[in-house]
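Here is the structure we will look at.
Coordinate-derived values only; no laboratory data. This is a predicted model, so every value here is computed, not measured. All Cβ positions, even for glycine, are placed from backbone atoms using ideal geometry, and neighbour counts span all protein chains on display.
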Amino acid sequence: MKTIALQSDQPFDLDRTLSCGQAFRWEKAEGWWQGVVEGRAVWIRQDASHLTFAGADAGFVRDYFRLDQDLPAILASIDRDPTIGAAIRECRGLRLVRQPPWECLVSYLCATNTNIPAVKRRVALMAERYGRPIDGPFGRTYAFPEPEALAAASRADLWDCKLGYRTDYVREAADYVAEHPDWAERIAALPFEDARQALMRFKGVGPKAADCVLLFAFGFFEAFPVDVWIRRIVGETYLSDLDGRSCTPAEYERIRRFARDYFGEYAGYAQEYLYCVRDGNGQE
């Protein structure tokens, strides 16, 4: 086991970070979070100001959880009103993790019109069927499949991973990424709006999926994904004239642009903190 001593002036809440729905390959058992990231089977827990972990080195843990990011400064920049202020107090220490772009893209292709447990099942099935086996601290698990492995899979076999209509989305993305291994570097080098449009060229990637991938994998912190919970909070707190119950494309665009203008360059952090307290107690 390895240990990291957290800085007293840089809050971190491992439970909040891994339970807020941003990543899909983490589960908590007997006080330990067990996850698979970039081919590593990681076991980690927090005891006050210390992280204890296995399966990765300290540099990887710091990078994945963005422990060197100045969180108090970020939170101060978005603390604009009593609603976000209360969310910050309740969920202080939640950080955005740095996800692998390929896995994040496929995960959010699998996340359309569904819930988090269903996404986790789909991702786990693909990993078990097409990923490299890993013997880690909590037994055998599987790395997320390389794009070449999914590109070579038959449609019927991918369908068996409970993807449904998303099967074709994943197959086409895998074909493209296998043929263009520099796709992520090219998107990362683009300005935010151009990167967003580039992601939405993938079949099945709409505005919300694009914003999630930009926020969680590429570090475009101005991205503001809008789901039913965020729409409700924004409508109740900030934009009282939102019409109807469904989020039309025009309404989505209005909400995300409002959030960027109102919260600034770290609007994505505001989104996660508002989402964290969506049901009144910060839990899923």
FRET efficiency for A5 and I134, using Cβ-Cβ distance with R0 set to 30 Å, rounded to 0.05: 0.60
May I have the extent of the alpha carbons of the range 2-68 along their three principal axes, as whole Å values ordered from largest to smallest? 29, 23, 22
Can you give the extra length, in nm with one decimal, that the chain gains between E253 and A58 once fully stretched, where that is 0.36 nm per residue apart less the Cα-Cα distance? 66.3 nm
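Any chance you could list the semi-axes, whole Å, largest first, of the equivalent ellipsoid that the Cα gyration tensor gives for the range 133-205, using √(5λ)? It would help to have the intermediate numbers written out before the result.
Working: eigenvalues 129, 65, 25 Å².
The answer is 25, 18, 11 Å, longest axis first.
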Three principal axis extents, largest first, for the C-alpha atoms of the chain, in Å? 49, 45, 33
Got the relative contact order for the chain handy, in percent, Cα pairs under 8 Å and 6 or more residues apart? 21
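What 222 nm value per residue comes from the helices of the chain, counting each DSSP H run with n ≥ 4 as -39,500 (n - 2.57) and dividing by all residues, nearest 500 deg cm²/dmol?
Result for the chain: -14000 deg cm²/dmol, rounded to the nearest 500.
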